Every structure is written in C-alpha cells, then in structure tokens.
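The values are calculated or read from the model by the stated rules, or taken from the named source; none is laboratory data. From a predicted model like this one, the values you see are computed outputs, not experimental measurements. We place every Cβ from the backbone using ideal geometry, glycine too, and count neighbours over all the protein chains shown. Side chains included, ligands, DNA and RNA excluded: accessible areas come from the protein's heavy atoms. Shrake-Rupley method; radii C 1.70, N 1.55, O 1.52, S 1.80 Å.
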Amino acid sequence: MDLSIVIPVFNEGNKIEKDIRQAVQFLSSQKMTGEIIISDDGSTDDTLHFLRKIEIEPPFLLQILDHKNHRGDGYAVKAGILVSSGDLVVFFDSGSCV
C-alpha cells in the first residue's frame, strides 16, 4: 500500500464525509493505493453515525478507530499512525484534506 492518510476527528459529523471523499480523490489522482484512517477522539455528536454509513470503492480502504474517551488530537493521530499499513503516512486535520 502506497499511502495511509490519518484524519483525527472530534465532533466532525457535519464535514467528515467531504474529508474522506477528498482523500480518496487525492489518492486516485496520484494513482496511488491507500487507506484512510479516521481516528475518532471520543466524539459526542453524530460523527460515528455518519462514518459507519460511508462506503468507498476498492482499491481504497476506510478504517475507523473509535476511541471512547476524549484524549486529545495527539493521541488520535498517534493511534492512527500505529495501525497504518502504508509505505508513507500523512495526517490532516478535518477540513484540510484538499
């Protein structure tokens, strides 16, 4: 796998699908294989509800990490990196995946 994209989120239900679509579009435009790892840092809104409805087409993968407790952005990023499989790993804040 070429690239893992880690996106830490906290209460981002209103924009997370757009972030995922932009990450897939980037991978596709670069002709890369990859995964998008959403690391939810204990959201209290409907973020997880929206995430569970999102499907992306192969060869891309979507992985959702559900951290029950809010531990901060650094924790969510680190958790995403630790489960990544790509040769390269990047992370973006939600709303920055352009």
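All told, residue 76 meets the bar of being among the aliphatic types (A, V, I, L, M), crowded, with 16+ Cβ neighbours inside 10 Å and farther than 15 Å from residue 2 by Cα.
Taking the stretch 63-98 as the range and being free of Cβ contacts under 8 Å to residues at least 12 places away in the same chain and of a type in the set (Lys, Arg) as the test, only 78 passes. Of the residues making up the stretch 19-60, just one is open to solvent by 80 Å² or more (accessible area, probe 1.4 Å) and touching a residue at least 40 places away in the same chain (Cβ under 8 Å), namely 26. Across the stretch 8-18, the qualifying residues are those that are crowded, with 18+ Cβ neighbours inside 10 Å and out of contact with any Asp or Glu (no Cβ under 6 Å at 6 or more places or on another chain), and the one among them that is nearest to residue 84 (Cα to Cα) is 16. Tallying residues that are farther than 13 Å from residue 59 by Cα and either over 11 Å from the mean Cα position of the chain (by Cα) or assigned to a helix (DSSP H, G or I) (or both) within the stretch 1-22 yields 13.
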